[in-house]
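Before any comments, here is the structure.
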There are 2 protein chains.
Amino acid sequence: MQAVIGQSIFAGGLGFPLMVVRRDALEHNVVTMAAFVRDHGLELAPHAKTHMSAEIAAMQLAAGGWGLTVAMPRQAQAVRGFGVDRIMVANQVVDPAGLDWAAGELERDPAFEFLTFADSVTGVGILAGHAGSRPFRVLVELGHEGGRAGCRSLDELLRVAAYVQETPGVELAGVAGYEGGLKSGDEVRKYLDSLQEAVEHVRVRNPILSVGGSQWFDVIGRELVATQAKILLRSGAYVTHDDGYYRERTPFNRMEGELRPALEVWAHVLSTPEPGLAIVGMGKRDAPYDEGLPIPRRGGVTVVTMQDQHTIVRADGLKPGDLLAFGISHPCTAFDKWRVLPLVDRDYRVVGTITTNF
Amino acid sequence: MQAVIGQSIFAGGLGFPLMVVRRDALEHNVVTMAAFVRDHGLELAPHAKTHMSAEIAAMQLAAGGWGLTVAMPRQAQAVRGFGVDRIMVANQVVDPAGLDWAAGELERDPAFEFLTFADSVTGVGILAGHAGSRPFRVLVELGHEGGRAGCRSLDELLRVAAYVQETPGVELAGVAGYEGGLKSGDEVRKYLDSLQEAVEHVRVRNPILSVGGSQWFDVIGRELVATQAKILLRSGAYVTHDDGYYRERTPFNRMEGELRPALEVWAHVLSTPEPGLAIVGMGKRDAPYDEGLPIPRRGGVTVVTMQDQHTIVRADGLKPGDLLAFGISHPCTAFDKWRVLPLVDRDYRVVGTITTNF
């Protein structure tokens, strides 16, 4: 079941189910997002947690990415292994092993840049306790009511920022936030205002302001245009887009341009035990199911449910051995199911390999 | 972040989140299930799709397992790589690459045994079309109304069985079924009756009858005791059990004995942005969420929701850097999130490594 470069995925060598990455769509998305941030004076630190792939990271950096965002130290270590010089961990990091690694890496390589978030004095204390000769650079995180992490008020944020500035081993680099959980453009605008206010209040030369950026980068591009801070967008899912969750939520639904779905799963019909019922050989180990079930490319096929190794569909005219294609919903729970994926051209010829590092 | 044998997982070398396998529980479960099948005259072909781990497979086979069950050819190839001589694919196999591999393996190694299911003439035709010098041994699958794959009537099953017997390249080995989707002991008994009837009607010397066996092995043990067929139970999840889905459904809730949860995820509190709210550094990439959310080991902690990299909990008195332990629900979507897991003793000292091969 080896992928042979130049050969079609249907030539017989590859087994199914199989998730493929469509090169055209991937390249289109990388270029589209790079152009968007350039046109809006932003910088992109693509969230590598989506794919955790050296090959895709290289494309994102070649297109002008600032560096990579990750969610935790283990991912930072992995992308550092890709040869990446700038890493932002978009969380308060408290893991001793991870911090010790980062401190060692900062010491070893003067060119290595490492940013982390903090939203509490306790968190800053943990960072400081693991710092080496070069301090950890910190973005103080401002959250919002009903949100995830982040200080809940400007006062609190300024207290944490002040603590960073008076504590050896840590250094204030700016402000971070996450707008992804907000429900409307108005809510996002209000929250972005509070982030701008925060970044104006923290006394840092050349501050960074980092925001999410999968569902609201249009609003971010408009609202943060006059900010003096360097805006680091952490968009991740854009790179493969999808046929479900992000298809419905992409900012390109509100402006010109588009992202294209780059992930597709192909699977065999294993059994058609009743008229109109087919059991497909693709399950929860092969395709995401948490933000919508796979989307059949063929009309007249309805996905009923997914099990560990099977997808139950309603459709007429299928027989065992038929191959079906499905788009996916939610790339972040797609890549982590595969260690190797063929990169294919428009004719499904293998043109490369995408490896993941979860 | 390397596991050091003999060292505690809390000694500082390992990063979090971390899923561990508790050796005591694992060994207890392997021994318990082996004793159950021995006492009931059954044989166990543990479903390796649960763990896809060479180390756990070795324990299951050492305890007397017939061989291993898998769900698809890619898994068959992987467990064959563990050095396993008997593999049952618990599905109608239609994947050309997988069948070509299996045919080659049968030809190469006269000691290799390979069983597959079939529930249609079309499926049998596909098998026959890929057979090599040694035929594919086939269990004809009997399903039930509302079930997954499998012939929906005895007549249909006997037609498929007859087709297997008259077709070169395939050989009838017995009957298979799957009772896991049934809702009550009565439904299971009725279905097991139909399987027994089927195995009496197919004309095979020393027939095999394979059934599922995670939720109803007590009923199977009682009902199939007088059957002449060799009963191959395909239980999988038993080996680690869990604190959720299987804890509620194990047959040991209806008889003496127990299985013990062997999987546990440890993760840091990253942020406590509001009183009573904590953001934990464990997400959908680290622990299962499809059949119940992780189960906190500490009282007073309630899991609200899981995101890609975070779990939101309600609890008082937590602070950033605190480590929390969680049991899991549904081992089949736990192992596939990890490539390496430390095997730990009662004191969380690392005593070995469990690798997975998804």
task: Take every Cα pair under 8 Å in chain B that's 6+ residues apart, average their separations, divide by the length, and report that relative contact order as a whole percent.
output: 21 percent
message: Once ligands and nucleic acids are excluded and a 1.4 Å probe is used, how much of residue A:252 is accessible, expressed in Å² to the nearest 10?
response: 20 Å²
- line: Expressed in nanometres to one decimal, the distance between label points 7 Å along Cα→Cβ at residue A:274 and residue A:158 is 6.6 nm
field: Residues of segment B:74-115 with amide N under 12 Å of a point placed 7 Å along Cα→Cβ from residue A:339
entry: B:75, B:78-79, B:81-82
query: Distances from residue A:257 to the same residue in each other copy, label points 7 Å out along Cα→Cβ, in nm, shortest first?
result: 6.2
Exposure of residue B:232 as accessible area (Å², to 10), given a probe of 1.4 Å and all protein chains: 0 Å²
- line: Here the net charge surrounding residue B:111, from other residues whose Cβ is less than 15 Å away from its Cβ (Lys, Arg +1; Asp, Glu -1), is 0
field: Cα coordinate range in segment B:1-118, projected on the principal axes (Å, largest first)
entry: 50, 37, 23
task: Grab the Cα-Cα distance for residue A:7 and residue A:183, subtract it from 0.36 nm times how many residues apart they are, and report the gain in nm with one decimal.
output: 58.9 nm
- prompt: Averaged across the residues of B:274-284, what count of C-beta atoms belonging to other chains lies within 10 Å of each residue's C-beta?
  reply: 4
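Shielding by partners for B:300-309, please: the mean number of other protein chain Cβ atoms within 10 Å of each residue's Cβ.
Values: counts 0, 0, 0, 0, 0, 0, 1, 6, 12, 9.
Mean partner-chain Cβ count within 10 Å for B:300-309: 3.
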statement: Of the accessible area of segment B:75-188, computed with a 1.4 Å probe and all protein chains kept, carbon and sulfur make up a percent value of 47 percent
query: Which value, in debye to the nearest 20, describes the size of the charge dipole of segment B:166-281 about its Cα centre when Lys and Arg Cβ atoms bear +1, Asp and Glu Cβ atoms bear -1, and nothing else is charged?
result: 260 debye
statement: Env charge @ residue B:75, Cβ radius under 12 Å, K,R +1 / D,E -1, value 0
- prompt: Between copies, how far does the label point of residue A:41 sit from its twins, in nm, shortest first, when each point is 7 Å from Cα along Cα→Cβ?
  reply: 8.3
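Run the numbers on segment A:258-355 and let me know its relative contact order in percent, using alpha-carbon pairs under 8 Å that are six or more apart.
On the way: 199 pairs, mean separation 29.6, N = 98.
Here the relative contact order equals 30 percent.
Can you tell me the accessible area per residue over segment A:23-249, all protein chains present, probe 1.4 angstrom, in square angstrom?
Working: 8330 Å² over 227 residues.
Counting only protein heavy atoms, the per-residue value for segment A:23-249 is 37 Å².
Looking at the protein assembly as shown, send over the antiparallel percent of its DSSP beta bridges, to the nearest 5. Numbers along the way, then the final one.
Working: 56 of 122 bridges.
Expressed as a percentage, antiparallel bridges in the protein assembly as shown total about 45.
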message: At 7 angstrom along the Cα-to-beta-carbon line, where would the label on residue A:312 sit relative to the other copies? Give the distances in nm, shortest first.
response: 3.1
task: With unit charges on the beta carbon (Lys/Arg positive, Asp/Glu negative), name the residue among A:192, A:357, B:266 whose Cα is farthest towards the positive pole of the charge dipole of the protein assembly as shown.
output: A:357
- request: Before anything else, pin down the relative contact order of segment A:129-208: Cα pairs under 8 Å, at least 6 apart, normalised by residue count, whole percent.
  value: 33 percent
Neighbourhood charge, 14 Å Cβ-Cβ cut-off, centred on residue A:94 and excluding it, Lys, Arg +1 and Asp, Glu -1: -3
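Sort B:355, B:227 from largest to smallest accessible area, using a 1.4 Å probe on the heavy atoms of the protein chains. Numbers along the way, then the final one.
Numbers: B:355 45, B:227 25 Å².
Largest to smallest exposure gives the sequence B:355, B:227.
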task: May I ask for the equivalent-ellipsoid semi-axes of chain A, computed as the square root of five times each C-alpha gyration tensor eigenvalue and listed largest first in whole Å?
output: 40, 22, 18
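Whole-Å semi-axes of segment A:211-320's equivalent ellipsoid, largest first, each the root of 5 times a Cα gyration tensor eigenvalue?
Details: eigenvalues 300, 35, 17 Å².
After diagonalising the Cα gyration tensor, the semi-axes are 39, 13, 9 Å.
In peptide A:331-337, how many Cβ atoms from other protein chains are near each Cβ within 10 Å, on average?
3
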message: At 1.4 Å probe size, what's the solvent-accessible area of residue B:101? Round to the nearest 10 Å².
response: 50 Å²
message: In whole percent, and with a 1.4 Å probe on the protein chains, what portion of the accessible area of segment B:258-355 is carbon and sulfur?
response: 48 percent
- request: Rounded to the nearest 0.05, what FRET efficiency do residue B:256 and residue A:145 give with R0 = 41 Å and r taken as the Cβ-Cβ distance? Could you check?
  value: 0.20
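Can you give the accessible area buried between chains B and A, summed over both chains, with a 1.4 Å probe, in Å² to the nearest 100?
On the way: alone 15560 and 15570 Å², together 26140 Å².
What B and A bury together is about 5000 Å².
Please work out the average accessible area per residue across segment B:258-355, using the 1.4 Å probe convention, and give it in Å².
Working: 3140 Å² over 98 residues.
It amounts to 32 Å² per residue over segment B:258-355.
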Distance (nanometres) between label positions extended 7 Å along Cα→Cβ at residue A:40 and residue A:201: 2.5 nm
task: Name the residues whose placed amide hydrogens come within less than 5 Å of the amide hydrogen of residue A:88, ignoring near sequence neighbours (fewer than 5 apart) on the same chain.
output: A:68, A:69, A:70, A:115
- request: Would you jot down the residues in segment A:52-95 that end up with at least 10 Å² less accessible area in the complete protein assembly than in the chain alone, with a 1.4 Å probe?
  value: A:71, A:72, A:74, A:75, A:77, A:91, A:92, A:94, A:95
Amide N of segment B:153-177 lying under 16 Å from the label point, which is placed 7 angstrom from the Cα of residue B:228 along Cα→Cβ: B:173-175
task: Mind jotting down the distance between the C-alpha centroids of segment B:240-309 and segment A:1-77, whole Å?
output: 32 Å
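The values are calculated or read from the model by the stated rules, or taken from the named source; none is laboratory data. This is a predicted model, so every value here is computed, not measured. Note that we place each Cβ from the backbone using ideal geometry, even for glycine, and neighbour counts take in every protein chain shown. The protein model used for the area step is the full one, side chains on, heavy atoms only, and it has no ligands, DNA or RNA in it. Shrake-Rupley method; radii C 1.70, N 1.55, O 1.52, S 1.80 Å.
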